[in-house]
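First comes the structure, then the notes that go with it.
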Amino acid sequence: VQLQASGGGLVQAGESLRLSCVASVRTFSLYGTGWFRQAPGKEREFVAAISWSASSTTYAGSVKGRFTISRDTAKNTVYLQMNSLKPEDTAVYYCAARRQSPYGSSRWSDFDYWGQGTQVTVSS
């Protein structure tokens, strides 16, 4: 399974971006999926996760109310809509999928497949 993340860029504080994660297999629709991020010098941290049916979503406290995770099964794609961006959101964002479970997770070790990452930079 290959995951292709895209949509990152350079924006000013308060602006929005939408990240996309496209999977190479249709069975992706059965996988729990998540977004993580890693800033320079920091550990990878959980951002958001979504179940296979999109009936369950989970967010890190730092992004709750500003970010929205969603998925389009027909397009084998998971999205991360990021609004009201802050400089502290600057990081490389990674999408990930769980082959063994249809549910999301906040633990990066629960995920089997990872995208290559897309850079998000928020200027103040």
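Heavy-atom surface analysis with a 1.4 Å probe gives the chain a carbon and sulfur content of 47 percent of its accessible area. Of the GluC sites (Glu not before Pro) found in segment 1-51, those in coil by DSSP whose Cβ has at most 13 other Cβ atoms within 10 Å are GLU43.
Under a 5 Å amide H cut-off, with hydrogens placed 1.01 Å from N, ARG71 pairs with TYR79 among residues at least 5 apart or on other chains. Normalised by the number of residues in the chain, the mean separation of alpha-carbon contacts (under 8 Å, six or more apart) gives a relative contact order of 37 percent. About its Cα centre, the dipole of segment 55-110 is roughly 120 debye, where the only charges are +1 on Lys and Arg Cβ and -1 on Asp and Glu Cβ. For the pair ASP112 and ALA39, label points projected 7 Å from Cα toward Cβ lie 3.3 nm apart. The Cα trace of the chain gives Rg and Dmax of 13.2, 40 Å, the first to one decimal, the second as a whole number. Backbone phi angles across segment 47-61, fed through the Karplus curve with coefficients 6.51, -1.76 and 1.60 (θ = phi - 60°), yield HN-Hα couplings of 10, 7, 9, 9, 7, 4, 8, 6, 7, 10, 10, 9, 9, 5, x Hz in residue order; Gly and Pro are listed as x. Residues whose amide H lies under 5 Å from that of SER101, counting only those 5 or more places away or on a different chain, are GLY32; hydrogens are built 1.01 Å from N in the peptide plane. Just checking the listed ones, SER20, SER53, SER109: in the Gaussian network model of the chain with Cα springs under 10 Å, the one fluctuating most is SER109. Counting only lysines at least 8 places from LYS64 when in the same chain, those with an alpha carbon closer than 25 Å to its own are LYS42, LYS86. Sequence-ordered 3J(HN,Hα) estimates for segment 114-122 from the Karplus curve with 6.51, -1.76 and 1.60 and θ = phi - 60° stand at 10, x, 7, x, 9, 7, 10, 10, 10 Hz, glycine and proline given as x. Whole-Hz Karplus values for segment 64-72 come out as 4, x, 10, 10, 9, 9, 8, 9, 10 Hz, taken residue by residue from phi with 6.51 cos²θ - 1.76 cosθ + 1.60 and θ = phi - 60°; glycine and proline positions read x. In the full protein context, the chain carries 50 Å² of accessible surface per residue, based on a 1.4 Å probe and ignoring ligands, DNA and RNA.
Largest mean-square fluctuation among LYS86, LYS42, LYS64, in a Gaussian network model of the chain whose springs join Cα atoms under 10 Å apart, belongs to LYS42. Prolate is the label for segment 39-89, because a/c, from the alpha-carbon gyration tensor with a ≥ b ≥ c as root eigenvalues, is 1.5 or above and a/b exceeds b/c. Net charge dipole, segment 23-79: roughly 80 debye, given to the nearest 20, about the Cα centre with Cβ charges of +1 for Lys and Arg and -1 for Asp and Glu. Calculate the length of the line joining the C-alpha centroid of segment 77-111 to that of segment 19-47, in whole Å. Centre-to-centre (Cα) distance: 4 Å.
The values are calculated or read from the model by the stated rules, or taken from the named source; none is laboratory data. Note that the structure is predicted; figures quoted are calculated from it, not measured. Cβ atoms come from the backbone with ideal geometry, glycine included; neighbour counts cover every protein chain shown. Accessible surface is based on the protein model in full, side chains and every heavy atom, while ligands, DNA and RNA are left aside. Shrake-Rupley method; radii C 1.70, N 1.55, O 1.52, S 1.80 Å.
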